[in-house]
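S.K.: Okay, handing you the structure first.
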Amino acid sequence: MTERKLTIDFEEYTSAAEMEPQDRALVERATHALAGSYSPYSRFRVGAALLLENGTVVIGSNQENNSYPAGLCAERTAMFAAGANYPGVAFDTLAIVASHEGKILEDPATPCGICRQVMAEYQTKGGKPLKVILAGSRKIYKFSRVDDLLPLIFDSLKA
């Protein structure tokens, strides 16, 4: 038997002011995307902003449905829109912001497992690391690649 350890690398900021201007702007776009959230059941709004390799920013927001689980997370809304409208363009950075009852969460909300797997596939498809920023009002986490959010990624594209 061999014992191994996985490590997760990320940067932590106490405010967006500490971040690079491009990352700060992406967090602002994700915050503005909260306005498009349709979340009458949970009142948990999520906004996402996805920077593509060509400089385009695609936003998304969570969309709930009375027929649960027919809704869709903000992250996938943005990624699927980008994949449909900009086929072949790699993803660079995805910023995610969440609020409840109109107030941005203090600690960052983390993506669900399905969203992490979708991020992983687009990262593999794009051939470069997809950076992920999870922003709260008092903490912001930046991951340099999806692998740090989803270790041991399922990747049938490499089979």
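S.K.: Within segment 103-127, restricting attention to residues that are over 24 Å from E20 (Cβ atoms) and among the basic types (K, R), which residue is modelled with the highest pLDDT?
M.R.: Step by step, filter segment 103-127, then rank; the result is K103.
S.K.: Name, by its number, the condition in (1) buried (at least 16 other Cβ atoms within 10 Å of the Cβ); (2) in contact with a Gly (Cβ under 9 Å, 6 or more places away or on another chain) that does not hold for D147.
M.R.: Among (1) buried (at least 16 other Cβ atoms within 10 Å of the Cβ); (2) in contact with a Gly (Cβ under 9 Å, 6 or more places away or on another chain), D147 violates only (2).
S.K.: Still on this structure, I have one more. Do you know which residues across segment 128-159 are at pLDDT 95 or above, among the small types (G, A, S) and either in contact with an Asp or Glu (Cβ under 7 Å, 6 or more places away or on another chain) or over 22 Å from T14 (Cα atoms) (or both)?
M.R.: Scanning segment 128-159 gives G136, S137, S144.
S.K.: Out of (1) surrounded by 19 or more Cβ atoms within 10 Å (Cβ to Cβ); (2) under 20 Å from R145 (Cα atoms), what's the single condition that is false for L34?
M.R.: L34 satisfies every listed condition except (2).
S.K.: In segment 70-85, how many residues are within 22 Å of P40 (Cβ to Cβ) and buried (at least 19 other Cβ atoms within 10 Å of the Cβ)?
M.R.: 6
S.K.: Among the residues of segment 92-129, write down those that are touching a Phe, Trp or Tyr at 6+ places or on another chain (Cβ under 6 Å) and under 11 Å from E75 (Cβ atoms).
M.R.: Scanning segment 92-129 gives a single hit, Y122.
The values are calculated or read from the model by the stated rules, or taken from the named source; none is laboratory data. The structure displayed is predicted, hence computed values, not measured ones. When we count neighbours, we look across all protein chains shown, and the Cβ atoms used for this are built from the backbone with ideal geometry, even at glycine.
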